Amino acid sequence: MDYDDLAKEFIRNMLAIRTAGQRKHIRDEFHGEIFILFFIRETGGEAVPGQIGSALNVSSARIATALKNLENKGLITREIHGGDRRKIIVRLTPKGEDCVEEEWDKKIEKMKNILMALGEKDSRELVRIIGRLSEVL
């Protein structure tokens with residue numbers, strides 16, 4: 001097997017997907033901040049900024065700006081943990097939880113439509129391969 005050609009084909013296909021009609025559609029008001037909210041939700045509703053930055057591969061400056069914006073929107077709170085000013089706990093507010101749930105439902109519906117268009121066999125294979133890829137990476 002020629003892995004060089006296969007890698008090139010894979011990259012071309014991924015670029016085609018990115019430029020297709022099913023591009024990432026995040027409401028402009030979030031500027032990608034929804035991923036931070038998703039992460040906080042997945043960690044049980046609270047996290048520390050460093051943990052968020054590491055998981056999302058985002059600089060601490062970007063995380064600080066995003067957290068400030070999310071706090072101003074009333075979607076998170078930030079609290080000093082146990083008197084240690086260096087450790088901040090970020091928590092979803094009820095409004096933040098509602099926002100995450102709404103956005104999550106939208107993403108599930110979009111993905112469901114894509115999988116239905118692929119059909120059962122290809123959908124199962126796609127999910128299997130993505131799962132395998134996550135193991136390899």
Subset of the range 49-87, residues of a type in the set (A, V, I, L, M) and farther than 29 Å from Leu137 by Cβ, comes to Leu75, Ile80
If I filter the range 23-33 for residues that are at pLDDT 85 or above and either surrounded by 14 or more Cβ atoms within 10 Å (Cβ to Cβ) or farther than 19 Å from Leu126 by Cα (or both), do I get at least one hit? yes
Answer with yes or no whether Gly74 is outside any helix (DSSP H, G or I) and free of Cβ contacts under 8 Å to residues at least 24 places away in the same chain. yes
Can you tell me which of (1) hydrophobic (A, V, I, L, M, F, W, C); (2) loosely packed, with under 15 Cβ neighbours inside 10 Å; (3) in contact (Cβ under 8 Å) with a residue 60 or more places away in the chain is the one Ala117 doesn't meet? (3)
Ile89 fails exactly one of (1) of a type outside the set (Ser, Thr, Tyr); (2) assigned to a strand (DSSP E or B); (3) without any contact (Cβ under 8 Å) to a residue 12 or more places away in the chain, namely (3)
The range 82-99, residues that are β-branched (Val, Ile, Thr) and either over 18 Å from the mean Cα position of the chain (by Cα) or at pLDDT below 95 (or both): Ile88, Ile89, Thr93
Going through the range 52-65 in order, the residues found to be under 14 Å from the mean Cα position of the chain (by Cα) and outside any loop (DSSP other than H, G, I, E, B) are Ile52, Gly53, Ser54, Ala55, Leu56, Ile63
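The values are calculated or read from the model by the stated rules, or taken from the named source; none is laboratory data. Computed from a predicted model, the values in this text were never measured in an experiment. When we count neighbours, we look across all protein chains shown, and the Cβ atoms used for this are built from the backbone with ideal geometry, even at glycine.
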